[in-house]
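> Pasting a structure below so you can have a look.
The values are calculated or read from the model by the stated rules, or taken from the named source; none is laboratory data. These numbers were taken from a predicted model, which means no experiment stands behind them. Cβ atoms come from the backbone with ideal geometry, glycine included; neighbour counts cover every protein chain shown.
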C-alpha cells in the first residue's frame, strides 16, 4: 500500500471548516480504494497561534514541514493580526523556502453552476492560470525610511530574474502541450513598466519560439482583466507574474460563480531538485464575516485536495474525486449560500462523499 505523509494547516476562519470536509473526503476515498493511505498530521499554526506566541509558526516549522509529501492549507489571516504579518509569517515563507514557483489555478465553470456572465456556460469558461509564485512583486525587497515623518518613503521593489521568469513561462507552454491546449496568453504591463515587464515580454518571446505548435499572445494586464469578463472563451493557459496572477485569478473565481469554488496548487514540478512538499489551498481567504457559521463552501478545499492527489501520483483517485464534485454541482440539489442555496459546509461535504460512494458501490 502506498503511504503519503500530509501536513494539515487549517489556519484561520473558515479554513478550519473546509479543511475538515476535505480531510473527511480524502479519508473516505482512501478507505474505499484500499490501495493508498494518507497519514495526516495537523498543526495549529494560525493567527490565534500568533496572538499567543508572537509568530505564525515556530522557528523550526519549515524544517518540520520539509519531511512531508504535501501540505494541505485552509486559509491564513484574521482580524487582530495585520495581513502582512499573517501572510509573511506563514504562507509566503513556505512558498519561497520550498521554491514552489508554480501557482496553478484552474478556472472552470463547473456543471450546474452559474457565473455572472450572461450567456456564458461551461464551454466558455475553462482555462488555467499559471502564476509565478516566488518573486515578482512579492519578493519582499524594499523598505521604509523616516517612518512617521512628513517626508516618509516606502519602497517595494519587484524582482524578475531570468531563471524564474523563464521557468514559469516554460511551464505554461509545457502544460498547454501536455493538456492539448492551443494557446498561452501572457499578462504584461510593458507600456508602463519599462524594465521588469519589458524583460518579461522578451523572455516570453524567446520561450514561445521553442513551442511553434502552441499559439501565443500578450495582453496588458488591465485590458486582459477586461477580456476575462468579455471574452473568457478565448483563453486556454494564462501566465502571469505574482501580483498580476493573484488579481486575475480572483476575477477568475468570480467567473466561476463564487470564490468558494476555485482551488490552487503551489508546487515545484521537478522531483529531482524540489526542496520540499507542495502546498494545496483554496483560492479564497479566511472570510471572517462568515467564520464559525458553518456555511462556507468546501468545494474549493475539496478540489484542492483533488489536485493534491493528482500531484502525489494517485491520478485515478483524483479523477474519481473530480467526478464526484461535478456530480454534486450538476445535480444542484445541495448548494451553500454563496451558490444561492441553504446547505451547510458539512452538508455540501456529505454530498460529495455520497457521490464518491456511488462510484464504489
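> Kindly provide the set of residues from segment 317-326 that are in contact (Cβ under 8 Å) with a residue 60 or more places away in the chain, within 15 Å of residue 32 (Cβ to Cβ) and surrounded by fewer than 21 Cβ atoms within 10 Å (Cβ to Cβ), ordered by number.
Correct list: 320 only.
> Count, please, the residues in segment 228-244 that happen to be free of Cβ contacts under 8 Å to residues at least 12 places away in the same chain and either under 21 Å from the mean Cα position of the chain (by Cα) or not in a helix (DSSP H, G or I) (or both).
Of the residues in that region, 1 qualify.
> Of the numbered conditions (1) crowded, with 18+ Cβ neighbours inside 10 Å; (2) in a loop (DSSP other than H, G, I, E, B), residue 333 satisfies every one except a single condition; which is it?
(1)
> Has segment 255-271 got any residue that is part of a helix (DSSP H, G or I) and more than 19 Å from residue 138 (Cα to Cα)?
yes
> Does residue 259 satisfy the condition of being at pLDDT below 95, crowded, with 19+ Cβ neighbours inside 10 Å and touching a strand residue (DSSP E or B) at 6+ places or on another chain (Cβ under 9 Å)?
yes
> Quick one: would you say residue 314 is assigned by TED's automatic domain parsing to the domain that holds residue 105, over 18 Å from residue 106 (Cα atoms) and touching a strand residue (DSSP E or B) at 6+ places or on another chain (Cβ under 7 Å)?
In short, yes.
> Moving on. Just checking, which of 116, 93 is surrounded by fewer than 22 Cβ atoms within 10 Å (Cβ to Cβ), over 13 Å from the mean Cα position of the chain (by Cα) and closer than 30 Å to residue 196 by Cα?
93
> Report yes if some residue within segment 107-117 is closer than 20 Å to residue 252 by Cα, in contact (Cβ under 8 Å) with a residue 12 or more places away in the chain, in contact with a strand residue (DSSP E or B) (Cβ under 6 Å, 6 or more places away or on another chain) and not in a strand (DSSP E or B); otherwise report no.
No, there is no match, as no residue in segment 107-117 is closer than 20 Å to residue 252 by Cα, in contact (Cβ under 8 Å) with a residue 12 or more places away in the chain, in contact with a strand residue (DSSP E or B) (Cβ under 6 Å, 6 or more places away or on another chain) and not in a strand (DSSP E or B).
> Just to be sure, is residue 137 at pLDDT below 95 and either under 19 Å from the mean Cα position of the chain (by Cα) or assigned to a strand (DSSP E or B) (or both)?
Against the criterion (at pLDDT below 95 and either under 19 Å from the mean Cα position of the chain (by Cα) or assigned to a strand (DSSP E or B) (or both)), residue 137 qualifies.
> Tell me yes or no: at least one residue of segment 58-79 is surrounded by 19 or more Cβ atoms within 10 Å (Cβ to Cβ), without any contact (Cβ under 8 Å) to a residue 60 or more places away in the chain and in contact with a helix residue (DSSP H, G or I) (Cβ under 7 Å, 6 or more places away or on another chain).
no
> Could you check, for segment 222-231, whether at least one of its residues is in contact with a helix residue (DSSP H, G or I) (Cβ under 8 Å, 6 or more places away or on another chain), crowded, with 22+ Cβ neighbours inside 10 Å and over 30 Å from residue 338 (Cα atoms)?
Looking for residues that are in contact with a helix residue (DSSP H, G or I) (Cβ under 8 Å, 6 or more places away or on another chain), crowded, with 22+ Cβ neighbours inside 10 Å and over 30 Å from residue 338 (Cα atoms), one finds none in segment 222-231, hence no.
> Evaluate the following for residue 305: is it farther than 17 Å from residue 90 by Cβ, in the same structural domain as residue 14 (by TED's automatic domain parsing), in contact with a strand residue (DSSP E or B) (Cβ under 6 Å, 6 or more places away or on another chain) and not in a loop (DSSP other than H, G, I, E, B)?
It is false that residue 305 is farther than 17 Å from residue 90 by Cβ, in the same structural domain as residue 14 (by TED's automatic domain parsing), in contact with a strand residue (DSSP E or B) (Cβ under 6 Å, 6 or more places away or on another chain) and not in a loop (DSSP other than H, G, I, E, B).
> If residue 125 satisfies every condition in (1) farther than 27 Å from residue 195 by Cα; (2) touching a residue at least 40 places away in the same chain (Cβ under 8 Å); (3) more than 19 Å from the chain's Cα centre (by Cα); (4) crowded, with 17+ Cβ neighbours inside 10 Å but one, which is the exception?
(3)
> Hey, another quick one. May I ask you to verify whether residue 248 is in contact (Cβ under 8 Å) with a residue 60 or more places away in the chain, outside the structural domain of residue 125 (by TED's automatic domain parsing) and either surrounded by 18 or more Cβ atoms within 10 Å (Cβ to Cβ) or under 12 Å from the mean Cα position of the chain (by Cα) (or both)?
The answer is no for residue 248.
> Being closer than 28 Å to residue 156 by Cβ and either assigned to a loop (DSSP other than H, G, I, E, B) or touching a residue at least 24 places away in the same chain (Cβ under 8 Å) (or both) is the filter here, so list the residues in segment 198-224 that pass it.
199, 200, 203, 204, 206, 207, 218, 219, 220, 221, 222, 224
> Modelled with pLDDT of 95 or more, surrounded by 15 or more Cβ atoms within 10 Å (Cβ to Cβ) and at negative phi: is that true of residue 51 in this structure?
No; evaluated as a whole, the condition is false for this residue.
> On to the next question. Could you say which residue among 100, 87, 155 is out of contact with any helix residue (DSSP H, G or I) (no Cβ under 8 Å at 6 or more places or on another chain) and either surrounded by 21 or more Cβ atoms within 10 Å (Cβ to Cβ) or assigned to a helix (DSSP H, G or I) (or both)?
The conditions single out 87.
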